[in-house]
Amino acid sequence: MFDLKLSDIKEWLIDNREEYQRLRAQEFPPFDNALYRTYNHLYEFIQYYKYKQHCDKALSELDVNNFNRLSQWTREYEILGSQDLIMFEVNYMDWVEEVSSDKIKIHEGLYTERKPFASILCFCEVFQHLYWNNEVHEAKLTENVKAEVITELITILKTYYIDTTHS
């Protein structure tokens, strides 16, 4: 098991870029090559970090006390949640294997610290809850259901977001 920091991943990608490009340039890229596979997994994973500021902004605009604003929020961040970050959730948040609360599993045997991705993880959970699970952007919900949605949302924010001032 390798426990990598974000800086380790970036450095490894830079150090191995030329070899990866050489392998990739082959007529039939060697998918069974460890460096080739690892480079692909790390590169794909690190690309999601560029969404951190978008997620920070989205979470700062989240108003848990205004249900109509939550509905508007899901529409405003629909592309980010339903397209840009959909595979982040599938690939890095839905593992059967239990991973410690301070780690993210990148791939078999590769882990990284969770903290730099806290806002991305939280955004994905919030978006999943509001958009996919409860369809607050288009469904007509009763006041009781709205209250349940907000209660669960507050729990998600406290669980996934390092800055829990959103309660």
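Summary table below
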| read-out | value |
| --- | --- |
| Residue among Gln83, Gln21, Gln53 with the largest mean-square fluctuation in a Gaussian network model of the chain, springs linking Cα atoms under 10 Å | Gln21 |
| Most positive-pole-ward Cα, Ala25, Ala58, Ile46, against dipole of the chain from beta carbon charges | Ala58 |
| Choice from Ile154, Ile104, Ile120 with maximal GNM fluctuation in the chain (Cα, 10 Å cutoff) | Ile154 |
| Magnitude of the charge dipole, the chain, Cβ model with Lys/Arg +1 and Asp/Glu -1, debye to 20 | 320 |
| The chain shape via C-alpha gyration tensor axes, a/c threshold 1.5 | prolate |
| Pairs beyond 29 Å (Cα-Cα), from Lys105/Lys146; Lys105/Lys158; Lys103/Lys140 | Lys105/Lys146; Lys103/Lys140 |
| Sparse-neighbourhood loop sites, GluC sites (Glu not before Pro) in segment 67-143 - DSSP loop, at most 11 other Cβ within 10 angstrom | Glu97, Glu98, Glu108, Glu138 |
| Helical contribution to [θ] at 222 nm, DSSP H n ≥ 4, -39,500 (n - 2.57), averaged over the chain, rounded to 500 | -16500 deg cm²/dmol |
| Loop-located GluC sites (Glu not before Pro) in segment 15-72 whose Cβ has at most 14 other Cβ within 10 Å (DSSP) | Glu27, Glu61 |
| Cross-link reach list, aspartates and glutamates versus Lys115, counting only Cα pairs under 19 Å and skipping chain neighbours closer than eight places | Asp3, Asp8, Glu11, Glu44, Asp56, Glu89, Asp94, Glu98, Asp102, Glu125, Asp163 |
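Quick note: the coordinates plus some simple rules give every number you see, no bench work behind them. In this text, all values refer to a predicted model and were calculated from it rather than measured experimentally. Backbone-built Cβ (ideal geometry, glycine too); neighbour counts: all protein chains shown.
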